[in-house]
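A.B. asks: Take this structure, written in structure tokens, and hold onto it; I'll ask about it next.
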Amino acid sequence: MAVLASALLLSPATAAGEKGSAVVPVAQEPPQAQYCLNVVYFVGQGAEPVPGYRERLGALLRWVQAFYAQEMEHNGFGHRTFGLAEEAGGMVEIQLLRGRKAHNAYGCGPDAAETVWAEVQAYQAAHPEKCRSAHTLVVMPTLTEGAFSHARPGGVPFCGYGRGCFVLDYAQFDLRHLGERSDEGRALTKWLGGLAHELGHAMNLPHNDAPAGDFDRRGTPLMGTGNYTLGTTPTYLTKASCNLLACCQLLAPAGDDTVYYPEHAAAPELADVRLRVQGDTLHVGLRCRGAAYVNLYVQDPPYGCNDDYDAVSYDAPLAEDRDGYRRAEVQVDLADITTLPHVEERCGESALDIVCVARDGLHYRTRITIPWQQLPPDGVIAPGPLQLQEGY
């Protein structure tokens with residue numbers, strides 16, 4: 001059954017005032033969603049939820065929901081966003097889960113996320129009627145001892161975790177502070193931006209940057225460093241991020257019968273991939289079969305997790321070709337990736353990642369190294385057969 005995404009979407013429209021940028025709620029026709037985000041409020045033993053968490057978090061989630069809808073529409077996908085289930089009375093459904101251990105015993109590192117996630121999965125397995133999608137947001141209240149308090153939140157996991165993520169709650173985590181030039185307003189920008197950013201990871205989004213020219217035009221990408229700017233200065237989703245969201249289960253419209261994230265799915269195929277460096281332009285050509293969208297990311301080493309904030313992203317529009325393949329041709333202005341020092345100095349190397357996004361929500365990646373000082377005389381790199389691997 002389709003579920004209303006929400007009864008009210010809060011527009012990220014702003015009004016200038018003494019407090020900076022203030023959010024203006026605007027009632028809109030709610031989209032229908034086939035799936036809804038699982039929102040779990042996880043509290044360890046000896047602790048209690050932060051008072052008013054249902055009202056505060058519900059309003060914050062609806063604001064983030066509207067932000068995603070706005071960005072999907074801007075990038076040509078229509079008014080699409082993630083679904084939020086509702087309880088009687090119209091409040092966002094938030095499932096309260098009591099942990100097995102003392103709240104301060106979980107910690108905040110990778111092991112903590114793994115431990116809490118295992119308890120959340122066990123709860124969802126025991127209550128399948130409450131598991132509304134493959135995507136889960138876990139909220140944990142801040143610790144209130146040692147270095148942490150409601151004035152200095154922390155001590156709990158805050159990260160993406162597969163198709164889930166962890167964020168925190170504290171007393172002043174309240175939409176009314178958005179845009180304020182105050183300690184509460186600055187903190188809200190950080191933690192609300194963090195919620196929207198980590199939720200992006202839970203909806204299949206990797207980190208990505210944007211071409212230099214887009215910063216003046218649109219601001220900071222949410223999946224770059226936009227977790228520190230959302231609600232204060234212009235922040236947006238790149239077209240590459242929206243390509244992935246368009247195939248995410250959580251944004252499936254009502255009535256969608258796609259089988260998302262199937263096991264043993266056939267990977268898309270790449271052919272005729274060619275890179276050519278000519279003057280100040282990197283030309284990328286490829287043919288692809290079995291992908292709905294193709295993204296390109298250019299980045300400098302190191303390439304590991306959390307070293308990819310500098311991955312400048314590009315959409316590679318696909319045009320019909322032959323034999324079931326579609327062709328993409330992308331021109332990358334090297335002046336647009338001068339945030340990468342190796343490109344600016346024309347030394348060292350960069351990587352070009354090609355990400356193929358399947359309609360079922362799975363995505364596949366392959367990498368080509370660009371040795372800037374050791375290019376062939378004609379500047380052409382023909383890497384030969386490329387193997388696509390599922391995931392980031």
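The values are calculated or read from the model by the stated rules, or taken from the named source; none is laboratory data. Just so it is clear, the structure is predicted and the values come from calculations on it, not from any experiment. Counting neighbours? That spans all protein chains shown, and the Cβs are built from the backbone with ideal geometry, glycine included. We work out accessible area using only protein heavy atoms, side chains counted, and drop any ligands, DNA or RNA first. Shrake-Rupley method; radii C 1.70, N 1.55, O 1.52, S 1.80 Å.
A.B. asks: With Cα Rg over 2.2 N^0.38 Å as the read-out, I listed [x] 0.95; [y] 1.02; [z] 1.10; which label goes with the value calculated from this structure?
C.D. replies: This structure yields the entry labelled [y].
A.B. asks: Do any chymotrypsin sites (Phe, Trp or Tyr not before Pro) in the range 118-163 lie in a DSSP loop with no more than 12 other beta carbon atoms within 10 Å, and if so, which? Write out the running numbers ahead of the final one.
C.D. replies: Values: sites: 123, 148, 158, 161; in loops: 148, 158.
Those that pass, being in a loop and sparsely packed, number zero.
A.B. asks: Oh, and also: Alpha carbon centre of the range 71-110 versus the range 111-128: separation in Å?
C.D. replies: 15
A.B. asks: In Å², what does the accessible area per residue of the range 195-279 work out to with a 1.4 Å probe? Walk me through the intermediate numbers first.
C.D. replies: Details: 3050 Å² over 85 residues.
Accessible surface, normalised per residue, equals 36 Å².
A.B. asks: Okay, moving on. What translational diffusion coefficient, in µm²/s and rounded to a whole number, does the Stokes-Einstein relation yield for the range 288-339 at 25 °C and a viscosity of 0.890 mPa s, taking the hydrodynamic radius as the Kirkwood radius over Cα pairs?
C.D. replies: Values: Rh = 12.7 Å.
The diffusion coefficient I find is 192 µm²/s.
A.B. asks: In nm, give the distance between the simple-model label positions of residue 126 and residue 79, each being 7 Å from the Cα along the Cα-to-Cβ direction.
C.D. replies: 4.1
A.B. asks: Measuring with a 1.4 Å probe in the full set of protein chains, what accessible area per residue, in whole Å², belongs to the range 89-191? Mind showing how you got there, number by number?
C.D. replies: Details: 4720 Å² over 103 residues.
It amounts to 46 Å² per residue over the range 89-191.
A.B. asks: Below 17 Å, Cα to Cα, which aspartates and glutamates can residue 130 reach? Residues fewer than 8 away in the same chain don't count.
C.D. replies: 86, 87, 93, 119
A.B. asks: Compute the separation of the alpha-carbon centres of the range 295-332 and the range 210-248 and state it in Å as a whole number.
C.D. replies: Using only Cα atoms to place each centre, the spacing works out to 16 Å.
A.B. asks: Counting only protein heavy atoms, what percent of the accessible surface of the chain is carbon or sulfur at a 1.4 Å probe?
C.D. replies: On the way: 8370 of 16740 Å².
Result for the chain: 50 percent of the exposed heavy-atom area is carbon or sulfur.
A.B. asks: Given a Förster distance of 41 angstrom, what is the FRET efficiency for residue 102 paired with residue 378, based on the Cβ-Cβ distance and rounded to 0.05?
C.D. replies: Details: r = 65 Å, r/R0 = 1.58.
The value I calculate is 0.05.
A.B. asks: How many angstrom lie between the Cα centre of the range 140-154 and the Cα centre of the range 348-392?
C.D. replies: 43
A.B. asks: Hey, what angle do you get for helix 183-202 against the long axis of the chain, alpha-carbon based, 0 to 90 degrees rounded to 10?
C.D. replies: So the inclination is approximately 60 degrees.
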